Structures are given as C-alpha cells and as structure tokens.
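For reference, the structure I am asking about is given below.
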Amino acid sequence: MKFTLNWLKDHLDTEASLQEITDRLTMLGLELESVEDRAAAFAPFRVARVIEAVQHPNADRLRVCRVDPGDGTEVQVVCGAPNARTGMKGVFAPSGSYIPGTDLNLKAGKIRGEESNGMLLSERELGLSDDHEGIIDLPEDAPVGQPYAEFAGLNDPVIDIAITPDRADCLGVRGIARDLAAAGLGTLKPLDTSPVPGSFDSPMRFVVDLPEDQKHLCPAVSGRYFRGVKNGPSPSWMQDRLRAVGLRPISALVDITNYVMLDLGRPLHAYDAAKVDGDLVIRLAKPGESYLALNGREYAFDDEMIVIGDAHGVDDLAGVMGGERTGVGDETTDMFLEIAIFDPNSVAATGRKLGLLSDARFRFERGLDQTGPWWGAEVAARLVLEICGGEASHVTVTGDEPAWRRDLSLRPARIAELCGVEVPADEAVRILTALGFEVSGGGEQLTVIPPPWRGDVEGEADLVEEVVRVFGYDRIEPVSLDLTSVVGHAALTPDQNRRRLAKRALAGRGMMEAITFSFLPGEQAALFGGGQAELKLVNPISADLDTMRPSILPNLLAAAARNANQGYPDLAMFEVGPAYAGDRPDDQSWTAVGLRHGQTGARDWRQADRPVDLFDAKADAIELLEVLEAPAGNLQVSTDAPDWYHPGRSGCLRLGPKVLARFGEIHPRILSAFDLRGPAVAFEVMLDAVPSPKKKGPQRPLLARNPFQPVKRDFAFVVDAETPVEKVSRAAAGADKALIDGVHVFDEYRGPGVAAEAKSIAIEVTLQPTQATLTDDEIEAVSAKIVAAVQKHTGGTLRA
C-alpha cells in the first residue's frame, strides 16, 4: 500500500515527523517497506524566467532563449518547443543534470551553431506525464530560482507499507491514519459523508438476479446517475498523488474512482450511461459468456462467476474489473456510478480462475466496509460535482445493509494473560474507541462492537491483539524461559533423524531425491488402494489433483513417465514423505519409497548394462533397513505384496507379523495406466513400522581388528524346487553363529543331473576365527554342522 505524507495528513492532524510516523507504522503491524524521496530526482531543476526568446538563425523550428535561473546569471538555451516565448516561466535543467523522463544525461553543446547550456523541460521529460507538445508553462507568480519539486509539491515523500491479509481497512489512507491516531500520533480528521442532495430520480438502477440461496453474493449495491458532466483531465493534485503511488491518470471520472479506492479503500466503477441499454443486472454468468475487459483482454466465464450486464450482455466482472464497452471516455456526459458489496470468496475464486488481479479484487477479497454503498455514494458524488460539474440524481439502492453488528466480550484481565503486559482498562477502552469500536460496560467485562470495516475481529483474542499492538509490543517485557533440563535437547526427534538418515542412505545408492505433491488424481489413487471419499480435497489447487495420496509410488511413476517422455528413461529416484490411508491423524504414515526404471546404467563398452529387476529393489530396501538399524538378519520374505506389484516378482520383508517393507516389479497394468514402458521396480519402506534400535552407547561400535585369516567354503545343496533360497542361507548361517561370518548364494541350477522337481543351490560360507587359526578338523566339524542344519530345516542334501 503506497501513499504520500501529505495525503496521509489529509486525514491525520499531526505534528509528528516522517521518522516518527514510519517507526510507529511498523510497531502497529503495518510493516514499512520503503520511503521514497521523489524530490531527489528533481533536485537540479529550478523555476526560471525566459528573458528573451528569438528565432534561431539556422533553424525554422528552434528558438534561442536567454534564461534567468534565479542565481544571478543568464544562460543561453536552444529550445524546440512551440510555446517558448519571451517572459514565460518554465522549468530549467542545467548542463550536467539527469533527465528522468527521457533517460538523458544533459551536456553543454552547440545546436545548429548556437551554444546551448541547459534545457527547458516538458512534463514528459520530467516523467510526470506523456505530454511533450511544449515545455511546462508556469504561472506568473512562480518564484524564480525556487526548486521545482518544492513549487509543484513533488517533495512529498512516498511511503510504502506491507498489509497483512486481515487488515483490509488499511488498504485506504484513512484506515492508516486511524491507526496512527489511536497510537497517539495525532487526531483523525472527520470525514464528510453528509448527503449530497440529488435533483432528479436516477433513470437507471441495479437489478440483483441471483438465486435465493446465493443472495449473499451481492447483499447490497447502490447507484447514482450524473448528467451534464465534463470528463476532462483530473486536477493536478489528484494526478500527482495517483502518479506518486504508481497509477497513470486517465480522465477525471476514472481518476476519481481510483482516488476514492486508494483514499478510503472503497472500490467504485463508473459506466458511460449512454452506452448502457436499460438497467444493469447483477447475476451469475452463463457458460460460454465472455467480455472485453478494461485491460484490453477477453475473458470467458463459468456459471459460478458474478457478472454485471445490460440487454447487450456482460460488461463487468463483479468486484474484479469493468468492461471496455461501457467504460467512460472523454466524450462521456452522463455517468452511472456503482458502489457494491460482493462476497469475498466469490471474488477471490473468480480472480484465481481467470488469473486476473486488480486493485479492486485485492480489496474485495479481503472484505470491505459493509456500509460502503451508503457513504461511498455521497463522497464520490461530492468529488464528481466539484471536478466534473453536472448534477447528481438521488441515490438508488438495491438490497439491504448486511447484519455486521456483533457483540464481543472483553475481559481486561485477559490482556495480561495473553500478551504479558498490563494495560489499564481505561486505556484499553480509549484505544478501541479510537479504532472505531463501540465499547460499553465496565468492571471485569466489556461489551465491544467492531466497526463495519473490521470483519477480521471475531473474538476476545482479536480484541486483545488490537489493544496491545496500539499500546506497543515494545512495552512487553522480555522474560527468559525456564530451563527444564541442564542439558539441551536434540534439535531433531528420533523420527525426524530417521527420515534424514533414510534420505542420505538412498542418495548414497545413486538415487535422486524427488519432492512431489501429497495429492494426486483420484483415478491414480484408486490403483493403489486409495480414492476414498474422505480423502477427496474440497478445494484442490488443480482439478485433477483432487485426492490425498495413499502411497508415494504413483507420484514417482508419474515423474518417471514425464522424464521418459523427455528422453531420460533410465533413472533412479526416491522420496521420503507421508502417505494417507484415511482422514484421521493416525491414518498418516511416513514411508521411504524408491523407483528404478530402465537400465542399470548408461551404455558403455567397458561394462554391460542390464534391465533393472526386483533384486535391485530388494537390495535398496534391505540396505535402508540396515542403515536404520533394523534387525535385517531376522527379516523374513513373504510373497504377499500388494496388487500393484507383479504377483510372481515381488515380496514383503517382515519381522514376525509386521511388514517393514515391500518390493518388486511394477505390475504391467499399472505401467500401462501411467503410459510408462518397463521395466520398473520399486520398494516401499514403512518408516513408522521399523523398530527403534535397542542398543545403547555409540551409534557405531569400535573397530575390532582380527589377525586371523578367514576361511571360505562352498556347498551345493539339492532342495525341493519350491524351497526359498533364503531358507537355505538362513539355515547355513545359524549352524554356528560364533564362527560363520557370512553366507552368499552364488548359483542356482536346474537341469541334467538334478531331479525335475528339485534344484541345486550353491552357497559360499565365510568362517572367521577369533581365538586361533582354524585347523582342518575344526573346518570339517563346522562343515558337518552346516550340512546337518540345511538338511534339518530344508530337507536338502549335499550335491554329489
């Protein structure tokens, strides 16, 4: 929100300095963004008198001027302006100055043989407007030598503050002045909202044609007809203020609507009455309707948008932007003014759908003064008649004033309880009254009625905030927190640390981290056991992202498809994040999900690449569980993976009945739904199901150096074809836990020499002595234990 200091003083009677005002604005919650000294750019320019202006001897369109800049010297300037003449007063720029409007560094020189040591400036060259028909012609009483910024009032600093979404009342200069007055920096001047007498009945009115259950979308609108107006340029003071805050002056009628919006926070809209056919109807748009907006672009509507139109169709998007067809112009003599209340949610939704942001929408969607249609018609009429002349009609109002009055309770004792500062009760009453609240009662409880422009104040805590921010947050004494422990707590919880470790482990396996939305299309959610009604989003950011995800895997599959379509089919990615089984807090779980697609690596003559398979995904899951210190050696593999995995090429890693992870190839049906060509494998580790490590002490044990040579022995067992290989390796590993350091499966054979219903599994067993080098007898004894253990648990026999 931008405004100038003098503009603020139109509403605030104060002797406070600029520094005091800007400091207090920040303390009031109206954070200062910047203060711009506009006079700095105009510092070199002075009011000057043209002593003599004669025809240039060598150019028909140039004049040679002798100029008195007010410093006791005379300067010769060559000027091409048609209005340069002897005796006039203008704006002089000396050589060496910077001309802001044309981005020119002015230098002394010769023009057609005549010396020129400066410049007489036009409004365009000063950057004040687009007018460059001639140089600025100042009044006779303009003091020669005075800085032009001071003479023209351009030394008024521009203040820019940040407005939080709840403070719509401060989207007008008067609201800011009200806050400063309540804070003791002056007195709020009265606003003249007295009735402006009308001399005739308005020939036009507003008709609200909305369904009964949607009347709240436009509860009230007022209109006022003006005839015989002259729509020329607005006064210079109004143009200067509009330019100062970044708005381009257009015409008096348009500038008045913009000025009232910035001054009082009340958007208005002016129609050229001659271009409107009949009454103006406020209604819901019909699908397919469109209009040409004032910004020169065409927009199409849907049936949830509020529009205003006449017999020829729509020409105003309510609360957002008017249309070009009925807009006022220089030829306008009859004007119809609109001051309406529109539903903030409807205006915000319309603006978002169309990608259309305007100053009016910015204010409407934050909530406006509910009494605006009544006092706004009087304030605007006074400006129109003063600037444009003509005569005004009686005010025509459609609808009733919304029921904005509400009684809130405030216990003065709650101020100290909530904010830690003692505010005397009478001071609290004074602050609230100065802010426009009606306060009654006394003692331990006050009854407070917020003003119609403070729709954000809904309860006692809001009233406490209003009192304390004006009283001064800096008056709250700092109090140190009591220490609950001498030793500080860890910055991360165990669960947060586990997620961090999971990300590091998966990145270490060459996988890239992906970050996706926690929602996805409903049809994709259904493929992964989701899509329930309670997981549908009421207000999704996109029409297709309408459901909370039951798993991260579909998001990674969609990302893989996008990468493959762009020429990057071979990838490995992971994401650690939440998944949702229902709408209760307990239904949210954290998972680490990884996806590998395509080949294991780029094609290279030094090594052979291969398609990814389920063992890649299994290895990813097991290594992650080991990093998380899960008892990986006790895991069992089951074949009951969900149906989005291939039924014969997938599995689950269990610890008893609890599933810690699942892995496998993605089902061809799922790949087809995502338009993704295989192969693709994935794993899902349920972080919440992984048990916390029971051991205490350092995270890693000390390194134990072993001087004894390990011994490796190979065994081949013939087992039933349906026997899991894991059962063989687990049985061998359990034969002698003190000596057996590892079991590695390196071959599976089916064919001649092995029965049709059997298979041969070859394993390598590593024996690691700790006390002495193993003898042949000890090795044979351990080997016999291994054979016996495998035979006992699997029925397998040593292959001959």
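For the full complex of protein chains and a 1.4 angstrom probe, list D736, D137 by accessible area with the highest value first.
Ranked list, largest accessible area first: D137, D736.
What are the ³J(HN,Hα) couplings of the stretch 756-771, residue after residue, when phi is run through the Karplus curve with 6.51, -1.76, 1.60 and θ = phi - 60°? Round to Hz, x for glycine and proline.
Each residue's phi maps through the Karplus curve to give 4, 8, 10, 8, 10, 10, 9, 10, 10, 10, 9, 9, 10, x, 10, 10 Hz.
Another question, then. Kindly sort H312, H597 by accessible area of their heavy atoms, largest first, with the probe set to 1.4 Å.
Ranking H312, H597 by accessible area, largest first, yields H312, H597.
Could you put I159, I51 in order of accessible surface area, largest first, with the 1.4 Å probe and the full protein assembly present?
Highest to lowest solvent-accessible surface, that is I51, I159.
Check which residues have an amide H placed less than 5 Å from D741's amide H, if you skip close sequence neighbours.
Distant-sequence amide H within range of D741: T766, L767, Q768.
Give, in whole angstrom and from largest to smallest, the semi-axes √(5λ) of the equivalent ellipsoid of the stretch 540-618, with λ running over the eigenvalues of the Cα gyration tensor.
31, 16, 7
Let me know the longest stretch in the chain that avoids all chymotrypsin sites (Phe, Trp or Tyr not before Pro) found in a DSSP loop with at most 16 other C-beta atoms within 10 Å.
Of all site-free stretches, the longest is 201-403.
222 nm [θ] for the chain, helices only, -39500 (n - 2.57) per DSSP H run of 4+, per residue, to 500? The partial results should precede the final answer.
On the way: 20 runs with 201 residues, N = 800.
That comes out to -7500 deg cm²/dmol.
Could I ask something else about it? Could you report the accessible area of D544 in Å², rounded to 10, computed with a 1.4 Å probe on the protein chains as they sit in the structure?
Roughly 80 Å² of D544 is accessible to a 1.4 Å probe.
Same structure again: Please list 3J(HN,Hα) in residue order for the stretch 639-656, calculated via the Karplus relation 6.51 cos²θ - 1.76 cosθ + 1.60 where θ = phi - 60°; whole Hz, with x for glycine and proline.
10, 10, 5, x, 6, 7, 9, 5, x, x, 9, 7, x, 10, 9, 10, 10, x
Write out the GluC sites (Glu not before Pro) in the stretch 447-521 meeting two conditions: DSSP loop, and at most 15 other Cβ atoms within 10 Å of their Cβ.
Sites meeting the loop and neighbour criteria: E458.
Oh, and also: If you line up the long axis of helix 18-27 against the longest principal axis of the chain, both from Cα atoms, how many degrees apart are they, to the nearest 10?
The angle comes out at about 40 degrees.
Quick check: from the Cα gyration tensor, does the stretch 160-246 come out rounded (a/c under 1.5), prolate or oblate?
Because a/c hits 1.5 or more and a/b fails to exceed b/c, the stretch 160-246 counts as oblate.
I've got another one for you. For the stretch 678-694 and the stretch 553-622, what is the separation of their C-alpha centers, rounded to whole Å?
12 Å
So, one more: Eigenvalues of the Cα gyration tensor times 5, then square-rooted: what semi-axes does that give for the stretch 275-376, in whole angstrom, largest first?
20, 18, 13
From the square roots a ≥ b ≥ c of the eigenvalues of the alpha-carbon gyration tensor of the stretch 241-312, which class results: rounded (a/c under 1.5), prolate (a/b over b/c), or oblate?
Note, shape of the stretch 241-312 comes out prolate.
Compute the helix-to-body angle for 460-471: its Cα long axis versus the longest principal axis of the chain, expressed 0 to 90° and rounded to tens.
Relative to the chain, helix 460-471 is tipped by roughly 60 degrees.
Among (1) 55.7; (2) 39.0; (3) 40.8, only one was calculated for this model; which label is it, if the read-out is mean projected area of the Cα convex hull in nm²?
(1)
Please state the relative contact order of the chain as a whole percent: Cα pairs under 8 Å, 6+ residues apart? Please list the in-between numbers first.
Numbers: 1570 pairs, mean separation 64.1, N = 800.
For the chain, the relative contact order is 8 percent.
Another question, then. Got the relative contact order for the stretch 291-404 handy, in percent, Cα pairs under 8 Å and 6 or more residues apart?
21 percent
Normalised by the number of residues in the stretch 60-104, what is the relative contact order in percent for Cα pairs under 8 Å and 6+ residues apart?
Normalised by residue count, the contact order of the stretch 60-104 is 29 percent.
Further question on the same structure: Using the Cα centre as the reference, give the magnitude of the dipole from point charges on the C-beta atoms of the chain (Lys, Arg: +1; Asp, Glu: -1; all else neutral), rounded to the nearest 20 debye.
Its charge dipole is roughly 3120 debye.
Still on this structure, I have one more. How large is ³J(HN,Hα) for each residue in the stretch 168-181, as worked out from phi by the Karplus curve 6.51 cos²θ - 1.76 cosθ + 1.60 (θ = phi - 60°), to whole Hz, x for Gly and Pro?
Using θ = phi - 60°, the values come out as 4, 5, 9, 8, x, 4, 5, x, 5, 4, 4, 5, 5, 5 Hz.
Could you give the spread of the C-alpha atoms of the stretch 364-443 along their three principal axes, from largest to smallest, in whole angstroms?
57, 27, 27
What do you get for trypsin sites (Lys or Arg not before Pro) in the stretch 379-412 restricted to DSSP loop and a cutoff of at most 13 other Cβ within 10 Å of the site's Cβ?
R405, R406
Okay, next question. With the cut-off at 1.5 for a/c, could you classify the stretch 207-344 from its C-alpha gyration tensor as rounded, prolate or oblate?
prolate
The values are calculated or read from the model by the stated rules, or taken from the named source; none is laboratory data. Small disclaimer: the values here were computed from a predicted structure and weren't measured. Because the Cβ atoms are built from the backbone with ideal geometry, glycine has one as well, and the counts that use them run over all protein chains shown. Heavy atoms of the whole protein, side chains included, go into the accessibility calculation; ligands, DNA and RNA do not. Shrake-Rupley method; radii C 1.70, N 1.55, O 1.52, S 1.80 Å.
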